[in-house]
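Okay, so here's the structure we're looking at.
The values are calculated or read from the model by the stated rules, or taken from the named source; none is laboratory data. Because the structure is a prediction, the values reported are computed rather than measured. Cβ sites come from the backbone with ideal geometry, for glycine too, and all protein chains shown count toward neighbours. Accessible surface areas use protein heavy atoms only, side chains included; no ligands, DNA or RNA. Shrake-Rupley method; radii C 1.70, N 1.55, O 1.52, S 1.80 Å.
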Amino acid sequence: MNTDISDEKLSSLFELTKSINLNASISELLNIYRDVLEKKLNIGRLMLLSHDENWKSILSYGIPQDSLEFTLERTKAYSKIKDITEVHKDAWATGCEFEIVVPVYHKELALAYVFLGDLKEGDHEMGSAIKHLPYIQTLTNILVVAIENKKLAKENIHQVLLKHELDLAKEIQSILVPSVLPHTDELDVAAYYLPYHEISGDYYDFIPLNDHEFAFCIADVSGKGVAAALLMSNFQASLHAQIEQTNSLIDLVRRLNKNVMDTARGENFITFFIAKFNRLTQVLTYVNAGHYPPILYMENKVTLLKLGGHALGMFPEMTHLAEGTETLTTPASILSYTDGITELENANQEEYGIDKLTELFISLINSGVTAQHLNDKIAETLATYKGRKPYIDDITLLCCRILKRSQLPLFQQ
């Protein structure tokens, strides 16, 4: 081989590697590659296959447009070869004939296949493509590895951005829930929270309203991920703002419904239960907006707190909305929960259900455990019940035990 040809090869390799180092785009690298094979090696027909979940063509020329799909499918039949191989022209449609397949491997992994056809003799030795197959293989290897590295870099950037979004969502969720819950002779409140993924669509809260009233709530947003966390963050901010502006829970829930409709635009909805307790009158008022009914247990009697309406964000107006009222006799205990508990399945695909949860709740209350211990025992029971089956949703519990009357501040007893 003469020096001019060697220099031209080295020059082409240098141009490609320089462009790679300068972070040229994939299309720019493919144009350089095509220029070398089509104009310098006089290869009139080419298809370059790369593997990205499936084999696909990332470069082709010299093939009629209406034959591309058929030709691509035909080339896949050669995706097991490991050496440069001659192929019969008769195996291809007219105008799509290939003569040589050049595989590109990294160890035992096939990275690409180059199909070459319409091989023309040029005016000088460089035009004889068959003589330069190892060079074509090397050039293709450099190109494909560069493309794979670009994909990995893009994927890494995506993973970094995704991690940033997850961290943001976690931070949002950390400020959604109360950092302190009362644990006094009068009132024992505790929560348990187990997210299905890194971030959750569940929310609970305990809100002191004045010296003699407090509210507590639980909610579950449809959907998961950052969008759901942001929607719940907006919902929590709206709840805290609106609850100070009205004494009516029905009015509050209607305002929240409008907020969810405006924010989610019908793409998500929120099931929501909120209750308000007056320490002077011992009256509990509540509204249940499409949420699983919390369990009230007092005087050896169970009441499911069902009254309310549909979930928030499902319809623009909440015309049929009811408020429930219960006069409590201490001690009284209320367990709020999300559907990840009642819909949890065992190995026989049987849901845990509200009946089992109610029975366990009564048993634990009668044993005299604290709210926190009660939640922990329920969580242990659920883990045993599901066995090796995975959790299918977030798990959230909010237990509120009103033990006796008191006029002392909630957090200073």
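Of the heavy-atom accessible surface of the stretch 227-289 (probe 1.4 angstrom), what whole percent is carbon and sulfur?
In the stretch 227-289, the share of accessible area belonging to carbon and sulfur is 47 percent.
Where does each of 274-286, 322-334 land if you order them by average Cβ count within 10 Å, highest first? Walk me through the numbers on the way to the answer.
Numbers: 274-286: 18.8, 322-334: 16.5.
Highest mean packing first, the order is 274-286, 322-334.
Calculate the FRET efficiency for residue 212 and residue 152 from the Cβ-Cβ distance with a Förster distance of 60 Å, rounded to the nearest 0.05.
Numbers: r = 61 Å, r/R0 = 1.02.
That pair, residue 212 with residue 152, gives E of 0.45.
How long is the gain from residue 222 to residue 345 if the chain were fully straight, where each residue apart is worth 0.36 nm and the alpha carbon distance is subtracted?
Values: separation 123, 0.36 × 123 = 44.28 nm, distance 1.96 nm.
Here the answer is 42.3 nm.
Would you work out what percent of the accessible area of the stretch 10-107, with all protein chains in place, is carbon or sulfur (probe 1.4 Å)? It would help to have the intermediate numbers written out before the result.
Numbers: 2680 of 5610 Å².
It is 48 percent, rounded to a whole number.
Which GluC sites (Glu not before Pro) does the stretch 1-97 hold that lie in a coil by DSSP with at most 15 other beta carbons within 10 Å? Please list the in-between numbers first.
Working: sites: 8, 15, 28, 38, 53, 69, 73, 86, 97; in loops: 53, 97.
In loop regions of the stretch 1-97 (DSSP not H, G, I, E or B), the sparsely surrounded GluC sites (Glu not before Pro) are 53.
Modelling each spin label as a point 7 Å along the Cα-to-Cβ direction, I'd like the residue 131/residue 241 distance in nm, to one decimal.
According to this spin-label approximation, the distance is 7.8 nm.
For n ≥ 4 DSSP H runs only, could you compute -39500 (n - 2.57) per run for the chain, divide by its residues and tell me the 222 nm figure to the nearest 500?
Values: 9 runs with 149 residues, N = 413.
Roughly -12000 deg cm²/dmol at 222 nm, from the helical runs in the chain.
Residues of the stretch 267-306 with backbone nitrogen within less than 14 Å of a virtual label 7 Å along the Cα-to-Cβ line of residue 315, please, listed as ranges.
Answer for this model: 289-290.
Accessible area per residue for the chain in Å², computed with a 1.4 Å probe and the full protein assembly in place, what is it? Don't skip to the end; give the middle numbers.
Values: 20790 Å² over 413 residues.
Per-residue value: 50 Å².
Calculate, in nm to one decimal, what residue 303 and residue 386 gain on full extension: separation in residues at 0.36 nm each, minus their alpha carbon distance. Walk me through the intermediate numbers first.
Details: separation 83, 0.36 × 83 = 29.88 nm, distance 2.68 nm.
Result: 27.2 nm gained on full extension.
With 32 Å as the cut-off, how large is the P(r) tail for the chain, expressed as percent of Cα-Cα pairs?
Numbers: 46797 of 85078 pairs.
Beyond 32 Å sits 55 percent of the P(r) for the chain.
Can you tell me, using C-alpha contacts under 8 Å and at least 6 residues apart, the relative contact order of the chain as a whole percent? Don't skip to the end; give the middle numbers.
Working: 704 pairs, mean separation 55.0, N = 413.
With pairs under 8 Å counted, the relative contact order is 13 percent.
How high is the FRET efficiency from residue 280 to residue 355, r the C-beta distance, R0 51 Å, rounded to 0.05? Present the calculation step by step, with values, prior to reporting the outcome.
Values: r = 35 Å, r/R0 = 0.69.
The calculated FRET efficiency here is 0.90.
With the contact rule set at Cα under 8 Å and sequence spacing of 6 or more, what percent relative contact order holds for the stretch 15-68? Write out the running numbers ahead of the final one.
Details: 38 pairs, mean separation 12.3, N = 54.
Value for the stretch 15-68: 23 percent.
With θ set to phi - 60°, apply the Karplus curve 6.51 cos²θ - 1.76 cosθ + 1.60 along the stretch 16-23 and write out the HN-Hα couplings as whole Hz, x wherever there is a Gly or Pro.
Running phi through 6.51 cos²θ - 1.76 cosθ + 1.60 with θ = phi - 60° gives 5, 5, 5, 5, 5, 5, 8, 6 Hz.
Let me know the Kirkwood hydrodynamic radius for the stretch 223-338, please, with Cα pairs as the basis and the value in Å to one decimal.
Working: mean 1/r = 0.0670 Å⁻¹.
Evaluated over the stretch 223-338, this radius sits at 14.9 Å.
Give the long-range amide H neighbours of residue 344: residues separated by 5 or more places, or on another chain, with amide H under 5 Å away, using H modelled in the peptide plane at 1.01 Å from N.
HN-HN under 5 Å from residue 344: 352, 353.
Quick check: residue separation of residue 28 and residue 322 times 0.36 nm, minus the Cα distance between them. What number comes out in nm? Present the calculation step by step, with values, prior to reporting the outcome.
Numbers: separation 294, 0.36 × 294 = 105.84 nm, distance 6.51 nm.
Stretched out fully, the residue 28 to residue 322 stretch lengthens by 99.3 nm.
Report, by chain and number, residues whose modeled amide H sits under 5 Å from the one on residue 112, excluding near sequence neighbours (fewer than 5 apart, same chain).
When sequence neighbours closer than 5 places are left aside, the close amide H contacts are 104.
As an exercise, identify the trypsin sites (Lys or Arg not before Pro) in the stretch 303-412 lying in DSSP coil whose Cβ has no more than 13 other Cβ atoms within 10 Å. Spell out each step's value before the answer.
Details: sites: 306, 356, 377, 386, 388, 401, 404, 405; in loops: 306, 388, 404, 405.
Listed in order of number, the matching sites are 388, 404, 405.
So what does the Cα-only Debye profile of the stretch 357-400 read at q = 0.18, 0.23 Å⁻¹, as log10 I(q)/I(0), no solvent term?
-0.55, -0.83
Label-point separation (nm) for residue 39 and residue 51, each offset 7 Å from Cα along Cα-to-Cβ?
It is 3.3 nm.
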